[in-house]
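J.: Could you have a look at this structure, given as structure tokens, before my questions?
The values are calculated or read from the model by the stated rules, or taken from the named source; none is laboratory data. Just so we're clear, the structure is a prediction, and the values are computed from it rather than from any experiment. Every residue, glycine as well, gets a Cβ built from its backbone with ideal geometry; the counts of neighbours run over all protein chains shown.
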Amino acid sequence: MNNAIRYFAGVDIGSVSIAAVLIRSQKREMAASEMIPSGGNYKDAARKVLNGVLSKAGIGVADLAGIVTTGLGAESAPFPARQVSDISCQAMGCRRLFPQVRTVIDIGGQFTKAMRITPEGRVADFLMSEKCATGSGRFLQVIARILHVNLSEIGSLSLQSETPVEFSTNCAVFAESETVSRIAEGAKAADILAGVHRAMAAKVSMLAKRVKMETEVALTGGGGEDTGLVQAVGDTLGVRIWVPEQPRLSAALGAACLAAAD
């Protein structure tokens, strides 16, 4: 290995997946990335994902100049690392990907977060959704299961909707019951999904406005992989939405960038 090259790792230990990003030198060029399901053991999964990303780059742990962990299970990391909040890591990751972005919306498996960031990638203000499935990707998983649709297909399917279903509740439990009723009434899966996306977009919009949203806006997390949800959020906010090529890696990227900044 060229001794002039320094490597930094960021590991995002989330409730649904664990991601690792390796960057090269202070220029913050991405060298490799890896993502696996969290499973039942954060410690084992974190070790596995770090080993995986190091293997892709052909280096070992001893070659790392710094590691930052973030996410729900950051404390479970089985290797020495500095812990940083996922809010700060998302902000820095989006700053690296989209320097023009000033508002970040992160739709994860448990919560949705909205943050306003500075030109330097620092958090100026942020809010998190209440602990309710309708404020997270968990709601999409529930509806997909009821409709017998693969989670990866719901975005494109919802875009085929002609008459989106209007949900009369913001509660995930009642929305689930309402979905079953709408199916019995003959509503199409595309229309139900489009309605779900609109309901989620309305919640996202409230969070974004409360942090005094500024354009441009980026959407990260698993929600960024749902094209129908991205469009619904953009339509509701009336702005263009920037989505990373791999939206579930942005926090890990930000963590790696913060490791390089130490």
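J.: Inside region 136-189, counting only helices (runs of 4 or more DSSP H) that do not spill past its ends, which hold 1 or more residues that are in contact with a Ser or Thr (Cβ under 8 Å, 6 or more places away or on another chain), at negative phi and at pLDDT below 85? Write out each step before concluding.
T.: Numbers: elements: 137-147, 154-158, 172-184.
Answer list for region 136-189: 172-184.
J.: Quick one: which residue in Ala9, Ala19, Ala62 is in a helix (DSSP H, G or I) and of a type in the set (Gly, Ala, Ser)? Quick ask: steps written out before the conclusion?
T.: Working: Ala9 fails: in a helix (DSSP H, G or I); Ala19 fails: in a helix (DSSP H, G or I).
None of the other options fit; the residue is Ala62.
J.: Going residue by residue through region 75-91, is there one that turns out to be out of contact with any Ser or Thr (no Cβ under 7 Å at 6 or more places or on another chain), aromatic (Phe, Trp, Tyr) and either assigned to a helix (DSSP H, G or I) or more than 30 Å from Lys212 (Cβ to Cβ) (or both)? Talk me through it step by step, then tell me what you get.
T.: Just the residues of region 75-91 that are out of contact with any Ser or Thr (no Cβ under 7 Å at 6 or more places or on another chain), to begin with: 75-76, 78-80, 82, 87-88, 91.
Restricting the remaining residues to those that are aromatic (Phe, Trp, Tyr) gives 79.
Next cut, either assigned to a helix (DSSP H, G or I) or more than 30 Å from Lys212 (Cβ to Cβ) (or both) only: 79.
Yes: one or more hits.
J.: Counting just the residues of region 30-45 that are out of contact with any Phe, Trp or Tyr (no Cβ under 8 Å at 6 or more places or on another chain) and part of a strand (DSSP E or B), which one comes out farthest from Ala255 (Cα to Cα)?
T.: So the first thing to find is which residues in region 30-45 are out of contact with any Phe, Trp or Tyr (no Cβ under 8 Å at 6 or more places or on another chain), and the list is 30, 32-45.
Now restrict to residues that are part of a strand (DSSP E or B): 30, 32-37.
Numbers: Met30: 12, Ala32: 14, Ser33: 13, Glu34: 14, Met35: 14, Ile36: 17, Pro37: 19 Å.
So, considering only residues that are out of contact with any Phe, Trp or Tyr (no Cβ under 8 Å at 6 or more places or on another chain) and part of a strand (DSSP E or B), the one farthest from Ala255 (Cα to Cα) is Pro37.
J.: Here are some residues: Thr215, Thr227. Which one is farther than 20 Å from Phe111 by Cα, surrounded by fewer than 22 Cβ atoms within 10 Å (Cβ to Cβ) and hydroxyl-bearing (Ser, Thr, Tyr)? Before you say what the answer is, go through the steps one by one.
T.: Details: Thr227 fails: farther than 20 Å from Phe111 by Cα.
None of the other options fit; the residue is Thr215.
J.: May I pose another question? Got a number for residues in region 45-94 being in contact (Cβ under 8 Å) with a residue 12 or more places away in the chain and of a type in the set (Asp, Glu)?
T.: Selection size over region 45-94: 2.
J.: While we're here: Please determine, by comparing only the residues of region 88-143 that are more than 14 Å from the chain's Cα centre (by Cα) and of a type in the set (Lys, Arg), which one is surrounded by the most Cβ atoms within 10 Å (Cβ to Cβ).
T.: Only one residue fits best here, namely Arg95.
J.: Here's a follow-up. Any idea how many residues of region 230-247 are farther than 22 Å from Ala124 by Cβ and crowded, with 22+ Cβ neighbours inside 10 Å?
T.: Count: 2.
J.: Lys27 passes all but one of (1) assigned to a helix (DSSP H, G or I); (2) at pLDDT below 95; which number fails?
T.: Exception for Lys27: condition (1).
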